[in-house]
Protein chains: 2
Amino acid sequence: MPFQEAQTGLQAVLGDRLSRSKSDLAQHGRSETHFPLTPPEAVAYPETTAEVAGIVKACAEAACPVVGWGAGTSLEGHGLAVQGGLVVDFSRMDRVLEVRAEDMVAVVQPGVTREALNHELRATGLFFPVDPGANATLGGMASTRASGTTAVRYGTMAENVLALEVVLADGSVIRTGSGARKASNGYDLTRLMVGSEGTLGLITELTLKLQGQPEAVAAATCAFPRMGDAVDCVIATIQAGLPMARIEFVDGATVEAVNAYSGAEFPPMPHLLVEFHGSESSVAGDARFFGELVNDMNGQDFSWAERAEDRTALWQMRHHAYWAILASRKSAKAIVTDMCVPISRLAEAVELTAQDIAEAGLEGPILGHVGDGNFHAILLIDKDNPEHWQKAKRIADTMAERALAFGGTITGEHGIGMGKLHLMEAEHGLAWGVMEALKAALDPQGILNPGKMVRARPNGGNSPFPP
Amino acid sequence: MPFQEAQTGLQAVLGDRLSRSKSDLAQHGRSETHFPLTPPEAVAYPETTAEVAGIVKACAEAACPVVGWGAGTSLEGHGLAVQGGLVVDFSRMDRVLEVRAEDMVAVVQPGVTREALNHELRATGLFFPVDPGANATLGGMASTRASGTTAVRYGTMAENVLALEVVLADGSVIRTGSGARKASNGYDLTRLMVGSEGTLGLITELTLKLQGQPEAVAAATCAFPRMGDAVDCVIATIQAGLPMARIEFVDGATVEAVNAYSGAEFPPMPHLLVEFHGSESSVAGDARFFGELVNDMNGQDFSWAERAEDRTALWQMRHHAYWAILASRKSAKAIVTDMCVPISRLAEAVELTAQDIAEAGLEGPILGHVGDGNFHAILLIDKDNPEHWQKAKRIADTMAERALAFGGTITGEHGIGMGKLHLMEAEHGLAWGVMEALKAALDPQGILNPGKMVRARPNGGNSPFPP
């Protein structure tokens, strides 16, 4: 058994920070969604890069699977050790190593959460903008190429990670990128690692771009009679070059759930939630211009959240929408879908998805990051009703197929993990074979998060090219 | 001889669009800078992706080198067939295939130049922002991860290519990315190909992000007594979150050359050239705020280019600075250096570089994209003076070493090509070995632009991992 073979070496590196306690194993076998409990054989709590390198070396010698673990907030079962082996929990590598205010850069360990980083930055006038909602770790966010409400303005993790330190499959340590804002200095290994879901290496340090706290912020909500009007308003806003910091869509069902959960009183119609960042004068101008567009597109109930606490309440409401929707139906579980399309197809994609959900007889409020063409349906199902499961999975797969037919992607921000592996060939065709060749080149034994991202190869390391 | 073996197959694909004329060979053996004439054995002029695939297949069977060619404007000899073989000239694949205004996306063939694309877009209210100065092809710009004056606002080619069609080393064709604005759908093959300088595949189609023409544009110049003041002004501007579309630095020597060349009358001091894009009100506000910062930082001679033609003249002057500098000294040749550092080290890096140049007794005006920490010295040398060559190369290498010591990179935008291969190990260390493993996985015979980017491997395809 690979893990048993690795165990002595791992204990030499970790001492009692190699845990096999039942609670630890169970805690690292859970996922936020519907995947069955999949406990690993052990959990490691490294404190340094050298320890991570030692862990991977010991595992490489024994061909033992190694799976990274951040905050466990992923929605597609990324952290599940489906082929056994070791989970590496980065919670003890949680230090902000350096903040260089002039360069607007922070260097962090992978276990720092985005909220912890922003807390640390509060006196600097800077902040880290990527906001997936959950208080995920930055290592996990990089590994899954997370994004969220602010990507329309500040980009995803792909645009906000400048440099990485990575432990490779044989335990060697590399650095990718640099402190420079741009480079044309060879293959973009940083961007190859970001989004690779721990299958090419384990991230042990990140250099992140920071942003200046804007002088002024304005947030607003407005209702639209039809989804299509809301999307038209967004398209006009983007084409006008208005620099929205956030532009979110929620459908009528989401609004009703949020009203019930937070005691709000929004009309039960599709809404846009927007935020502008800038100087006092630019935000005022942008807000005025946006108000005119809303009028042109039949928007109603347009209202600005003037005070900081009103804005916080607004975005908390948005972030809590998932919980509000779950609470709207007792003892329900949720399957959260994710698709991303060119914005010209967004209204159609949302409407067809709503139809699919209605026809299946399920409830599934829809919400999303409309500026990116990215949305989610929160499909509510009875835990013990196998028919519900099947219907929900059918809807998720139909959404993915439609995303591809519309020129988009099966996942805008939730990643592949366990949940979307079966869709990779449809999305990538031959290019999936290229991913397999890269995986075989960098992890010939297939020990890094095995069972994810690529097809299993019977003889790991012999990469037929292209397959 | 590999080319001779491939020739029959190539002729079957290309007919008389396979050229071996002396002028064609010479034209595709030149570079913009100091590399010796290196004619290939033949030049191919494909018109379709299928032809490119056929070309690469024929070359793969004969292990014949294949080197892509755009407009030939690269500064590091990227397109030189240093191991013989075939140059693939994309000038006949120069069609804009599709403009989707609602999605702000254009689909183009690789031989379309950036100016041709923007000409085609002029009636749409949209534009493609990446601007390296030269009228390069978009395929070439993607291959070298080009950037330029607008990267500070709109990003480099890495941020502006959404999707690619690529012919791989065995002639198979893949698609990377999609029409979606973001994705977490597997390894980021688009970003792996962008900047790979034709060593992993040949780009045959690009899907590019477009931007809305801003409602208002304001450009300005201002002089500073010291370089350090200019950089402090830029840092303050960035930290305040002012959305500059361009912020360029030129030193006093560049200003003198430009004055002589264009008949301008700027004071011979360091200058910043800036541009803001936005709504009328936001640009006015940003400009006012910037004016205050300039005042705080000892700026002088602050003046706005109010009219569109004045702005065009301003940026043409900047784009022609290279020619102005060359013209400032009769029969001189130029070696153009390129380095990129964290902005906190920029003033020091520029000042030390100016010292190095003065100590070597050379002339070398300095200019750059100061918002990105990226700058160039245009080293003027006598063509026939070998001592000049040596001194210039010493300065270029010192700049590269300093870039690394300052936490930056050896090249912000000019790429590796022939000119910086000897610096790759210093920049990347073990990570260069990872690049070699990727190259071996995707191009096991080493036929794609051989002699570039990675060390030659005696037994191509047997990738020791990691080296």
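Here is how the numbers come out for the structure above:
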item: Neighbourhood charge, 12 Å Cβ-Cβ cut-off, centred on A:ALA230 and excluding it, Lys, Arg +1 and Asp, Glu -1; result: -4
item: Share antiparallel - DSSP beta bridges, the range B:4-137, percent rounded to 5; result: 50 percent
item: Rg/Rh ratio calculated on Cα atoms of the range A:371-422 (Kirkwood radius); result: 0.99
item: Distance in nm between pseudo-label sites at A:SER23 and A:GLU280 (7 Å out along the Cβ direction from Cα); result: 5.4 nm
item: Percentage, to the nearest whole number, of Cα pairs in the range A:105-186 over 15 Å apart; result: 61 percent
item: Shape parameters for the range B:229-281, alpha-carbon atoms, Rg then Dmax in Å; result: 13.3, 37
item: Across the identical copies, how the A:ALA313 labels are spaced - nm, sorted shortest first, 7 Å along Cα→Cβ; result: 5.6
item: FRET efficiency, B:GLU292 to A:GLN300 (Cβ-Cβ, R0 35 Å, nearest 0.05); result: 0.30
item: Cα centroid separation - the range B:327-360 against the range B:417-437, whole Å; result: 23 Å
item: Against the rule of thumb 2.2 N^0.38 Å, how large the Cα Rg of the protein assembly as shown comes out; result: 0.93
item: Under the Karplus curve 6.51 cos²θ - 1.76 cosθ + 1.60, θ = phi - 60°, whole-Hz ³J(HN,Hα) for the range A:38-49, x wherever Gly or Pro sits; result: 9, x, x, 7, 6, 10, 9, 10, x, 10, 9, 4
item: J(HN,Hα) series, the range A:195-205, from Karplus relation 6.51 cos²θ - 1.76 cosθ + 1.60, nearest Hz, glycine and proline x; result: x, 8, 6, x, 8, 10, x, 10, 6, 10, 7
item: Residue-averaged [θ]222 nm for the protein assembly as shown, counting only DSSP H segments that reach four residues, each worth -39500 (n - 2.57); result: -11000 deg cm²/dmol
item: Eligible lysines near B:LYS391 by straight Cα distance, threshold 25 Å, same-chain separation 8 or greater; result: B:LYS330, B:LYS333, B:LYS383, B:LYS420, B:LYS452
item: FRET efficiency, A:HIS422 to A:GLU5 (Cβ-Cβ, R0 22 Å, nearest 0.05); result: 0.10
item: Full-stretch length increase - A:TRP323, A:ALA12 - with 0.36 nm per residue and alpha-carbon distance subtracted; result: 107.7 nm
item: Inter-copy label distances at A:PRO268 (7 Å, Cα→Cβ; nm, one decimal); result: 7.8
item: Fraction in percent of alpha-carbon pairs per bin - 10 Å, the range B:405-457; result: 23, 54, 21, 2
item: Among beta bridges that DSSP assigns inside chain A, antiparallel share in %, nearest 5; result: 90 percent
item: Inter-copy separations for A:ASN295, label at 7 Å along Cα-Cβ, nm, ascending; result: 3.5
item: Rg [Å, one decimal], Dmax [Å, integer] - the range A:329-405, C-alpha atoms; result: 12.2, 38
item: All-pairs alpha carbon distance profile, the range A:50-187, 10 Å steps from 0, percent; result: 11, 38, 36, 14, 1
item: Centroid-to-centroid separation of the range A:1-69 and the range A:242-290 [C-alpha atoms, Å]; result: 43 Å
item: Beta bridges per DSSP with both ends in the protein assembly as shown, % antiparallel, nearest 5; result: 90 percent
item: Coil-residue chymotrypsin sites (Phe, Trp or Tyr not before Pro) of the range B:70-170, DSSP, other Cβ within 10 Å capped at 12; result: none
item: Reciprocal of mean inverse Cα separation for the range B:1-123 (Kirkwood radius, Å); result: 15.4 Å
item: With eigenvalues of the C-alpha gyration tensor scaled by 5 and rooted, the range A:216-322, Å; result: 21, 17, 10
item: Within chain A, longest stretch free of exposed GluC sites (Glu not before Pro) [DSSP loop, at most 13 other beta carbons within 10 Å]; result: A:1-264
item: Separation of alpha-carbon centers, the range B:107-128 and the range A:189-238, rounded to whole Å; result: 26 Å
item: Amide proton proximity set for B:ALA136, modelled H, under 5 Å, gap of 5+; result: B:ARG114
item: Full-stretch length increase - B:ARG226, B:GLU359 - with 0.36 nm per residue and alpha-carbon distance subtracted; result: 45.9 nm
item: Spin-label model distance (nm) - B:THR312 vs B:ARG30, 7 Å beyond Cα toward Cβ; result: 2.7 nm
item: Exposed trypsin sites (Lys or Arg not before Pro) absent: longest stretch of chain A, with sites in DSSP loops and at most 11 other Cβ within 10 Å deemed exposed; result: A:123-306
item: Surface/4 of the Cα convex hull for chain B, nm²; result: 22.2 nm²
item: Full-extension gain in nm, B:ASN118 to B:ASN385, via 0.36 nm per residue minus C-alpha separation; result: 92.0 nm
item: Under 5 Å, built H, 5+ apart or other chain: amide partners of A:GLY278; result: A:GLU215, A:ALA216
item: Partnerless cysteines, meaning none of the other Cys C-beta atoms lie under 4.7 Å away, in the protein assembly as shown; result: A:CYS222, A:CYS233, A:CYS340, B:CYS222, B:CYS233, B:CYS340
item: ³J(HN,Hα), Karplus 6.51/-1.76/1.60, whole Hz, each residue of the range A:122-137, x for Gly, Pro; result: 4, 8, 8, x, 10, 8, 9, x, 5, 9, x, x, 4, 8, 6, 7
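Every number in this text was worked out from the coordinates using simple rules, so none of it is lab data. This one's a predicted model, so the numbers in the text were calculated from it and none came from an experiment. Because the Cβ atoms are built from the backbone with ideal geometry, glycine has one as well, and the counts that use them run over all protein chains shown.
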